[in-house]
Amino acid sequence: MASDKGASSPPPTDLHERELKLVDATARRGADWFRIGKTRYAPLYFSQDDGWRFSRPDMPGVLYIGESAETCFWEVFWDDLANRKPVDRKLDSGKVDERSLWVVTIPPGIRVVDTFSAAALQDMSAHTGTFSGPYVICQAWAKALREHPQKPHGILYESARNRGTACLALFEESCKPLAFQFTGMSALRDSVALATSLAKYGILAAIKE
């Protein structure tokens, strides 16, 4: 019987002595990912907001991207939608209008911790709920991984809000100098990729032909 009762645990104190199983970030879905962010910020935005899973103000920032526009949508708008009954879910028009969607092409050579890998988790003494559990635990893991001698560029992890899809949390100190490309920018209200979801939750998209 497991003594942890399913609870997430901080990283082991000897994590820096263990070899991490790192994978190329493009192995999951290739080089093209997605990002939803506030239009007033540059798309290459590294957050230090502790309201996000792997960020906190005492560390360099984290760039969050997802493998699909829908995954990014749920990561951003979960709090606005999930606590209401499905029939009562409505998006805040202002929160939609202040955001844009980008396609993010990540450069080659980005090596990340793959939390989809059972072997990688076992080697780190982390179970499958570690990177979807309390943010204070996730942030402690991010700090420990950033300080690891292998210097991973970030963490590949399952979206807690769009199950079965992947997100990347990329560390500012490793990734900021690299050549990310942001293309296909569209105001969120104009997004063809999200038109169905936006309409479902009360936003009439103004799709531009």
In the stretch 20-44, residues that are exposed (fewer than 15 other Cβ atoms within 10 Å of the Cβ) and aromatic (Phe, Trp, Tyr) total 1
Out of contact with any Lys or Arg (no Cβ under 6 Å at 6 or more places or on another chain) and not acidic (Asp, Glu), is that true of Ala142?
yes
Log entry, pairs with first residue in the stretch 104-121 being at positive phi, second being among the hydrophobic types (A, V, I, L, M, F, W, C), beta carbons closer than 9 Å, six or more apart or on different chains, reads Gly109/Ala25; Gly109/Leu178
Heads up, the strands (runs of 3 or more DSSP E) in the stretch 1-72 (entirely inside) with at least 2 residues that are under 30 Å from Lys200 (Cβ atoms) and modelled with pLDDT of 95 or more are 32-38, 62-66
Those helices (runs of 4 or more DSSP H) completely within the stretch 124-209 that have 1 or more residues that are more than 28 Å from Asp97 (Cα to Cα) and within 16 Å of the chain's Cα centre (by Cα) are 135-146, 172-175
Residues of the stretch 60-92 being of a type in the set (S, T, N, Q) and either in contact with a helix residue (DSSP H, G or I) (Cβ under 9 Å, 6 or more places away or on another chain) or surrounded by 14 or more Cβ atoms within 10 Å (Cβ to Cβ) (or both), in sequence order, are Ser68, Thr71
By residue number, the members of the stretch 84-123 that are under 16 Å from Gly202 (Cα atoms), assigned to a loop (DSSP other than H, G, I, E, B) and not charged (D, E, K, R) are Leu91
Is there a residue in the stretch 99-117 that is more than 16 Å from the chain's Cα centre (by Cα) and of a type in the set (A, V, I, L, M)?
no
When (1) touching a Gly at 6+ places or on another chain (Cβ under 7 Å); (2) under 26 Å from Val96 (Cα atoms); (3) outside any helix (DSSP H, G or I); (4) not β-branched (Val, Ile, Thr) are applied to Glu75, the one that fails is (3)
Scanning the stretch 45-59 residue by residue, the ones that are among the charged types (D, E, K, R) and buried (at least 21 other Cβ atoms within 10 Å of the Cβ) total 1
**Request:** Can you confirm whether the stretch 187-208 contains a residue that is farther than 27 Å from Ala42 by Cα, among the β-branched types (Val, Ile, Thr) and surrounded by 16 or more Cβ atoms within 10 Å (Cβ to Cβ)?
**Result:** no
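The values are calculated or read from the model by the stated rules, or taken from the named source; none is laboratory data. Please read these numbers as outputs of a predicted model, since none were measured by experiment. Every residue, glycine as well, gets a Cβ built from its backbone with ideal geometry; the counts of neighbours run over all protein chains shown.
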